[in-house]
């Protein structure tokens, strides 16, 4: 059929081509929710051009995944999309706030520094700072590791809701080394210790010959992320000589995320002579707070 106006023949406007790739169809469905309010199946079909049966199957699957929420016959954006959107915004701010402190922590300790967040049963590394030692540690930005095998993972798990931790739904946990935690009972005991002390250790639990010291980033009693220092076991001190700088870095990162102006720089300070000319003899370099 054609429409003639003033002797000009115009073909009717072609319908938009329906995408065939699943991911494109999912994007098309989600893009239909471009304003406030709920949509019916018929409205979504009209907006996307998808066949009714295909649109219905996709909508129901997205509801199961919590990307959408269904109320009667109406659909609306689900909490999972809200969570992911909030996480993306927050993590970008977290990453930008953390970068200066990660480099200062590396300079102070000489160790590889990680920034990581929890995703299900894994940690995802948002940043990795170090020198030639980084090649020996196989972590990478965007990479994953089992949370129960890492110091950063245990740090965030300790302050998470146990109901949201899939690791407790299995009888045995996957092990990376002979030192890895292997049962939920062991994990609960370890997470209790982490909550009590406010930091976590990894003693060859993720990588033979290497360990880590981690601290939570967040308000007291919470952890939205974690920061750690990692290196060969013979270069680590599992005491306040490393715990203090890592915790100070975590504290400053969170202050920067929240817009705090005061800066706390982690440093390892050499012993200073005491009054009267007597020198202090600690076991090793002592952490110190430098307020600038």
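The values are calculated or read from the model by the stated rules, or taken from the named source; none is laboratory data. Keep in mind it's a predicted model, so treat the numbers as computed, not measured. Note that each Cβ is placed from the backbone with ideal geometry, even for glycine, and that neighbours are counted across all protein chains shown.
Answer yes if at least one residue in region 47-63 is modelled with pLDDT under 90 and within 30 Å of residue 224 (Cα to Cα), and no otherwise. Working first, answer last.
Filtering region 47-63 down to residues modelled with pLDDT under 90 leaves none.
No: region 47-63 contains no residue that is modelled with pLDDT under 90 and within 30 Å of residue 224 (Cα to Cα).
Name the pairs: first residue in region 222-249 and closer than 17 Å to residue 100 by Cβ and outside the structural domain of residue 139 (by TED's automatic domain parsing), second residue assigned to a helix (DSSP H, G or I) and at pLDDT 95 or above, Cβ to Cβ under 8 Å, at least 6 apart or on different chains?
Taking only residues 6 or more apart or on different chains, not a single pair turns up.
Counting residues that are at pLDDT 95 or above, which strands (runs of 3 or more DSSP E) fully inside region 189-292 reach at least 2? Full working, then the answer.
Details: elements: 200-203, 210-217, 225-232, 264-269, 286-291.
The qualifying strands (runs of 3 or more DSSP E) are 200-203, 210-217, 225-232.
Condition check ((1) farther than 24 Å from residue 102 by Cα; (2) more than 16 Å from the chain's Cα centre (by Cα); (3) surrounded by fewer than 22 Cβ atoms within 10 Å (Cβ to Cβ); (4) touching a residue at least 60 places away in the same chain (Cβ under 8 Å)) across all residues:
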{"position": "143", "(1), (2), (3), (4)": "no, no, yes, no"}
{"position": "152", "(1), (2), (3), (4)": "no, no, no, yes"}
{"position": "155", "(1), (2), (3), (4)": "no, no, no, yes"}
{"position": "164", "(1), (2), (3), (4)": "yes, no, yes, no"}
{"position": "187", "(1), (2), (3), (4)": "yes, yes, yes, no"}
{"position": "196", "(1), (2), (3), (4)": "yes, yes, yes, no"}
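If residue 82 satisfies every condition in (1) at pLDDT 90 or above; (2) under 30 Å from residue 117 (Cα atoms); (3) in a helix (DSSP H, G or I) but one, which is the exception?
Every listed condition holds for residue 82 apart from (1).
Return the only residue of 108, 163, 145, 135 being outside any loop (DSSP other than H, G, I, E, B) and closer than 21 Å to residue 256 by Cα. Steps first, answer last, please.
On the way: 163 fails: closer than 21 Å to residue 256 by Cα; 145 fails: closer than 21 Å to residue 256 by Cα; 135 fails: closer than 21 Å to residue 256 by Cα.
Result of the check over 108, 163, 145, 135: 108.
With the checklist (1) in a helix (DSSP H, G or I); (2) out of contact with any helix residue (DSSP H, G or I) (no Cβ under 8 Å at 6 or more places or on another chain) in hand, flag the one item residue 154 doesn't pass.
For residue 154, the exception is condition (2).
Just for region 168-181: of the residues that are over 22 Å from the mean Cα position of the chain (by Cα) and modelled with pLDDT of 95 or more, which one is farthest from residue 227 (Cα to Cα)? Working first, answer last.
To start, the set of residues in region 168-181 that are over 22 Å from the mean Cα position of the chain (by Cα) comprises 170-172, 177-179.
Pick out the ones that are also modelled with pLDDT of 95 or more and you get 177-179.
Working: 177: 22, 178: 24, 179: 21 Å.
The extreme case among them is 178.
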